[in-house]
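Every read-out reported here was derived from the displayed coordinates using simple, explicitly stated rules and does not represent laboratory data. What you see is a predicted model, and the numbers here were worked out from it, not measured in a lab. Every residue, glycine among them, receives a Cβ derived from its backbone with ideal geometry; neighbour counts consider all protein chains shown.
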Amino acid sequence: MKGAGSDFKAVAAGPETEISPVISSAVPLARKMDRSLAHSLAWRAVANWTSQLFSWASFLITVRLLTPADFGIAAMAIILWPYLRVLGEFGIGQSIITLRDLTDDQIAQLNSVGVLLGFAACGLGTLLAKPLAAFFKTEVLAPVVIVSCTALIPLGFKVVSEALLCKEMRFGLTAWFEAILAVVSATATLSMAYFGMGYWALVLGNLLGYTVRSVLVVCFRPHRFAIPHLAALRRPLLFGWHVLVSVVAWSAYERLDNVTAGRVLGKAALGYYGLAWNLANVPLEKLTTLVTTVLPSYLATVQKDPAALRRYVRTLTEALALATFPATIGLALVARDLIPLVMGQKWYPVVAPLEILAMYTTFRSIVALLPKVLTAVGNARFVMWNDLRGLLSLPIAFVIGSHWGLTGIAWAWVIAYPTVALPLYWKTFRTIEMNIGEYLAALRPAGDGVVAMAVGVGLLKWVSVGRLPILTRLFLEIAVGMIIYASTVLLLHRSRVFAFLGVIRQARSA
């Protein structure tokens, strides 16, 4: 498979009342862009999901070798990681993708800035290691934080190279880099856990994976360096600043639930909550991230075409909902049987927060598209201020929720997250001139399917409790849920299914 080049500048859209993702033959350029997008997604899906089969097998063994406290220390150590990483990147990658008129010399200057910021972020993390250990009242945490932060240096070297690969739509290559990272990290983590290295296995495994990936990116797409000049970089750095603040705020409120759990409830409770969070976000990370990683490069090419943007939003929203809704809701439905069977009884406290967080991730999976759209059309400043508002409201909800333990913190997401999501919907719909009915129509197939699935699995659980072995019951719940979901979508929305199959056929034929 081979993606389209970066010279596509516009996509023509179909009629406003058309919701089908298949583009009319009258717009061959749009069809070519769709095939390119489908190819890019296919490359990442194949590479990601192949590596995940290996990664999850390793993870399930690792959780039996390590303790909840080990996972808690590792979770504490990466509290600073998202902020330090985005500081090192400074929105440089998004600036290169979105601002289409940057010169080669400006990009070379940004390359130098990225390296300098990588070292600066590592140094800042080292300075904050001891205060963080004191905050969590865990002395062993300081060296763990310092070692984790050394990965920021190779990340600084690859930020421009990776942005250029994305701008050129070479997502097949970046997909394999992600697969290599997953395999290297999983192999190293499992090996070190087996030899009794405890939380160091989690930290060093990730460090090795990130370093290997960064080296590969730079080797495959090198770019020269140049002395930075503020006058030449004012515009991309201002855009990058908006992206930086936005990502820092978003990363903060995404991590502050873990901070609250660790600080108020202790490291063992954080281990339970952290695992529940990771499991609930698997569909979000592996499916939504698959789309949102690729999408900005395509949105940037049609940033002045509202009709094309609308088509991308409704098509990808429908596709994400069809894929993620059954995964997140299904996980919540089977969690009480799945967790003790697969991970052991010691992890049973994970179940309650996992069931609640699955509701949040169901909604979050489709909201994740909206900031990408707004940033691609130049509204990074609005996204920044919206995330700052979330940084004010969500931590308050976490602290209040902690009075009810892990489930209270999980419920804080469900109750407070709409304060972040609703302004994004308002601004996006207004910017791309989309109406709410058009958007809800895109959600209808997945919505009908998960409602039917929940009813069917719920009835099966009520009938089979106490009558069947747990393994048999779990197998039946998963099988029945899949059958009901697929049957409902096929019966009620058959034309939509065939429309998406048409997109897949187009990708295969290119």
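Structure notes:
- Mean Cα-pair separation over length for the chain, i.e. relative contact order, pairs under 8 Å, 6 or more apart, %: 20 percent
- Helix-only CD estimate at 222 nm, as mean residue ellipticity for the chain, using -39500 (n - 2.57) per DSSP H run (n ≥ 4): -27500 deg cm²/dmol
- Flagged links, alpha-carbon separation over 28 Å, of Lys346/Lys461; Lys130/Lys267; Lys158/Lys267: Lys158/Lys267
- In a simple Cβ point-charge model (Lys, Arg +1; Asp, Glu -1; nothing else charged), region 283-369 has a dipole of about 180 debye relative to its Cα centre.
- Taking a ≥ b ≥ c as the square roots of the eigenvalues of the Cα gyration tensor, region 186-258 is oblate, since a/c reaches 1.5 or more and a/b is not larger than b/c.
- Loop-located chymotrypsin sites (Phe, Trp or Tyr not before Pro) across region 149-208 with a Cβ neighbour count of 14 or fewer within 10 Å are Phe195, with loop assigned by DSSP.
- What the Cα convex hull of region 77-168 gives, in volume per residue, is 74 Å³.
- Ranked by how many other beta carbons lie within 10 Å on average, peptides 483-492, 383-392, 363-372 from highest: 363-372, 383-392, 483-492
- Its Cα centre serving as origin, the chain has a Cβ charge dipole (Lys and Arg +1, Asp and Glu -1) of approximately 340 debye.
- Taking the centroid of alpha carbons for each part, region 352-408 and region 256-320 are 10 Å apart.
- Restricting the calculation to alpha carbons of region 256-367 gives Rg and Dmax of 17.2, 54 angstrom.
- When each of the peptides 67-74, 340-347 is scored by how many other beta carbons lie within 10 Å of its residues on average, the order from highest to lowest is 67-74, 340-347.
- DSSP H segments from the chain that extend 30 Å or more along their own axis, Cα-based, with Kyte-Doolittle mean of 0.0 or above: 28-65, 104-136, 171-194, 199-220, 230-260, 306-343, 380-401, 436-464, 470-492
- Principal axis extents of the Cα atoms in the chain, from largest to smallest and rounded to whole angstrom, are 61, 59, 39.
- The overall shape of region 21-228 is oblate: from the C-alpha gyration tensor, with semi-axes ordered a ≥ b ≥ c, the ratio a/c is 1.5 or greater and a/b is no larger than b/c.
- Cα shape, region 402-499, gyration tensor, a/c 1.5 rule: oblate
- Under the convention that each Lys and Arg Cβ holds +1 and each Asp and Glu Cβ holds -1, the size of the dipole of region 351-447 around its Cα centre is about 200 debye.
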